[in-house]
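*Asks:* Before I ask anything, here is the structure I am working with.
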Amino acid sequence: FQRGYIIQMTNPKAALAWIAIISLGLQEGAPLWVGAVIVLGTFALSIIIHLLYAVAFSTPVMVRIYGKARRGIQVVLGTFFALAGLRLLTSRT
């Protein structure tokens with residue numbers, strides 16, 4: 001649990017995702033409850049998604065499938081996040 005927590009908290013993709021969620025959902029002058037809903041909603045989604053990942057990826061079949069597809073998945077996600085970051089850097093507010 002501790003190792004997973006440390007990895008998640010130092011993951012730059014997680015930080016970028018939070019920045020994107022907050023910038024889209026929390027506009028200037030938004031009531032306090034909007035921020036609370038965003039934080040609590042993303043917390044609940046994170047818990048549910050990570051529990052589903054743990055269950056799914058703990059099966060021998062998924063371990064084998066993911067082991068074979070890991071490199072391709074990382075390339076696709078890395079490209080997506082690089083393009084999303086570039087878009088954030090070049091966008092005008």
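The values are calculated or read from the model by the stated rules, or taken from the named source; none is laboratory data. Keep in mind that what you see is a predicted model, and the values were worked out from it rather than measured. Neighbour counts run over all protein chains shown; Cβ positions are idealised from the backbone, glycine included. Accessible surface is based on the protein model in full, side chains and every heavy atom, while ligands, DNA and RNA are left aside. Shrake-Rupley method; radii C 1.70, N 1.55, O 1.52, S 1.80 Å.
*Asks:* With labels modelled as points extended 7 Å from the Cα through the Cβ direction, what inter-label distance (nm, one decimal) is found for R92 paired with T10?
*Replies:* Distance between the two pseudo-spin positions: 4.0 nm.
*Asks:* Sticking with this structure for a sec: If you project the alpha carbons of the chain onto the principal axes, what extent comes out on each, in Å, largest first?
*Replies:* So the extents along the principal axes, rounded to whole Å, are 50, 30, 19.
*Asks:* Report the calculated FRET efficiency for V75 and L40 (r = Cβ-Cβ distance, R0 = 41 Å), to the nearest 0.05. Can you show the working numbers first?
*Replies:* Working: r = 34 Å, r/R0 = 0.83.
For V75 and L40, the calculated efficiency is 0.75.
*Asks:* Keeping all protein chains in the complex and leaving out DNA, RNA and ligands, what accessible area do you get for I7 with a 1.4 Å probe, in Å² to the nearest 10?
*Replies:* Ignoring ligands and nucleic acids, I7 comes out at about 100 Å².
*Asks:* Right, next: Taking 7 Å along the Cα-to-C-beta vector as the label spot, tell me the I49-W33 distance in nanometres, rounded to one decimal.
*Replies:* 2.6 nm
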